[in-house]
Each structure stands twice: as C-alpha cells, then as structure tokens.
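J.: Got a structure for you, questions after.
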Amino acid sequence: MSRINPVVLVLIAIASVQFGAALAKGIFTQATPLTLAFLRVAIATLIFLLIARPRLAGRTARDWLDVCAYGACLTGMNAAIYLSFARIPIGVAVTLEFIGPLLLAVVGSRRLVDLAWVALAGAGVVLLGALPSDIDPIGVGLALLAGALWAGYIALAGPVGRRWEGISGLTIGSAFGALLLAGPAVAVAGETFSQPKVWATMAAVALLSTVIPYGLELHARRSIKASTFSILMSLEPAAAAIFAWIVLSEWLGVAEWAAMACVIVASIGAIRSSRRTEAAT
C-alpha cells in the first residue's frame, strides 16, 4: 500500500464509503434505516475491538467526556443520514450534509471571501428548495442534522486523538454510540435480526463505509497535505450521486447537480481560504 499514491487511496476511500451507503439503502425495504445504522456501527465496533485493545484504566473524566461526545456525534450522524436517505436521494442528502463541515471551516471568520463561500453553499440549498415538492422537507432537515453532527465529530476528533492513542478513541466512541442507538434500533427492528441477507449486507457496509475508508485515510494522511485531503473529501457528494445511480438507478436532475456543484465549489473554496489564513498567521 505504501507504493500507492495517497490521492488514489483517498479516492478509493470515498468510493468505498458511498458504495456502502448505496448498498445499505438497497435493503431499506427489509429493515428500518435506524436498525441498519445500528448494525453498521455495532459491527464496525466489533471489528475495531479485534484490532485495538483500548486502555481504560487511569482515564480522566475529560477523556471519557470527549470520547462519549465523539461517539454520540458519530452514531447520530450515521443514523440521521440513513433516515434522510429513506426520504430523499443519496446525492442530495450528502450534498446537504456537507453544509456542516463547510460552516465549521469558516466559523468565526469575518472575511468577505468566506462569507461568499457560505452564500454559494446557501444558493445550492435554495436550488434544492426550488425543485418540485418531491424533495421531502423532513429528509432535508435530517441531512442538515447529519451535517451538524459531522461538524461536531470533526471538532472532537482532535481532542480525542490527543487523549486516546491509535484507534482507541474511535473504538470506544463507536462502542458508546452503538449502546446509545441499541434501544431505539431494537425497538423498531421487527424481524430484521433473523434475516441473513441483512446481516451480510451490513457487515459489508461496516467494512466499506467505516473500517476500510478509515484505514485508507489514516495511511494517506501520513503523506498528504491536510488541505489536499480536505479538498478531495469535498468530492463526496458527487461520488454519492454516482454510486446511487449505479447501484439504485437513482439519478439526479439538472437543478440537483447544479446545487451539488455549488456546495462542492464552496467547500473547496472555504478549505483553501482557511489554509491560506492559517499560513499567514
């Protein structure tokens, strides 16, 4: 893997995540999105526990507070975006979800250029709102909620990474999130847990959307600039739309693609602008 260009690794990770998302939506008729989100997190947690042996003794209250908040954001993000997928196209949901990290990138900034990026992203949302009424407002709200939780997950990643070595923070956070989601997920599960296809699909999704991309991104981050990594991640909405089309025949209209382009360009612009600001200080 060390010989593979890190940019290629990030692109593979993006494709893996979005292919997994499309596979999960493909079995929404057999299980509720909430239960599937729980299975994804729970299976991923078990895999992480096989890899990592987190040290629990001697941890401070702040260690636990940070990692539990991190896990709550991680699991809440997954649950909200799956519930959104059930109501609106995957490409639209991921586009709206990206508003969260974009706003995080420019939070506190008073520079006109950063406000312009936010305005461009807002224009994308307006474009989606101008579409026919088959774009479910609840689905839009859930996607935006997922974006807010994604921003929280990003903000907490630094403190958790400093307090928990290796993938220990991710493992414990994921386990905590799975416990939070277990009750509601089981309550609406019905016959889900007796279906081998659901278990097999979600095991694949846990690998594709969590374990594999995390490993690839971790390896790529060792030799790629943070700005380059973030810009590549801005391609997620386009990848989501493409895999939803390939796997689910879920194609977007011109206005939806235009809205996605607004958010992608705004995200890239905000990232580049923030990096230039950091370099100047």
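The values are calculated or read from the model by the stated rules, or taken from the named source; none is laboratory data. As the structure is a prediction and not an experimental result, all values here were calculated from the model. All Cβ positions, even for glycine, are placed from backbone atoms using ideal geometry, and neighbour counts span all protein chains on display. For accessibility, only protein heavy atoms count, side chains too; no ligands or nucleic acids. Shrake-Rupley method; radii C 1.70, N 1.55, O 1.52, S 1.80 Å.
J.: Given labels modelled 7 Å from the Cα in the Cβ direction, how far is it in nm from residue 51 to residue 197?
T.: For residue 51 paired with residue 197, the spin-label model returns 3.0 nm.
J.: Would you mind computing, in nm to one decimal, how far apart the modelled labels at residue 261 and residue 138 are, each placed 7 Å from Cα along Cα→Cβ?
T.: About 3.3 nm, to one decimal.
J.: Here is a further query. Any chance you could run the full-extension gain for residue 11 through residue 179? It's 0.36 nm times the residue separation minus the Cα-Cα distance, nm to one decimal.
T.: Contour length minus the Cα-Cα distance gives 57.3 nm.
J.: Order 81-91, 238-248 from most to least packed using the mean count of other Cβ atoms within 10 Å.
T.: 81-91, 238-248
J.: A further question follows. Given contacts defined as C-alpha pairs under 8 Å and at least six residues apart, what's the relative contact order of segment 56-182, whole-number percent?
T.: 51
J.: Would you work out what percent of the accessible area of segment 161-254, with all protein chains in place, is carbon or sulfur (probe 1.4 Å)?
T.: The value for segment 161-254 is 67 percent carbon and sulfur by accessible area.
J.: Hey, what number do you get for the chain at 222 nm if only DSSP H runs of n ≥ 4 count, each worth -39500 (n - 2.57), divided across all residues, to the nearest 500?
T.: It lands at -25000 deg cm²/dmol.
J.: Now a separate question. Using packing as a proxy for protection, rank 46-57, 66-77 so that the peptide with the highest average count of other Cβ atoms within 10 Å comes first.
T.: Descending mean neighbour count gives 66-77, 46-57.
J.: How big is the equivalent ellipsoid of segment 17-115 along its three axes, where each semi-axis is √(5λ) from the Cα gyration tensor, reported in whole Å from largest to smallest?
T.: 27, 26, 10
J.: Once you list every other residue whose beta carbon is under 10 Å from the beta carbon of residue 6, what net charge do they have if Lys and Arg are +1 and Asp and Glu are -1?
T.: +2
J.: Shifting gears a bit: What percentage of the solvent-accessible surface of segment 70-129, computed with a 1.4 Å probe over protein heavy atoms, is contributed by carbon and sulfur atoms?
T.: So the carbon and sulfur contribution to the accessible surface is 72 percent.
J.: Related question: Assuming a viscosity of 0.692 mPa s and a temperature of 37 °C, what translational diffusion coefficient in µm² per second does Stokes-Einstein assign to the chain, Rh being the Kirkwood radius over Cα pairs?
T.: D, rounded to a whole number, is 170 µm²/s.
J.: For segment 165-233, what is the accessible area per residue in Å² when the probe is 1.4 Å?
T.: Result: 47 Å² of accessible area for each residue.
J.: Is any helix in the chain, taking whole DSSP H runs, at least 24 angstrom long along its axis by alpha carbon and on average at least 1.0 on the Kyte-Doolittle scale, and which ones?
T.: Helices meeting the span and hydropathy rule in the chain are 6-25, 33-51, 112-129, 137-163, 168-187.
J.: In whole Å, what is the distance between the alpha-carbon centres of segment 61-98 and segment 190-227?
T.: First find each Cα centre; the distance between them is then 14 Å.
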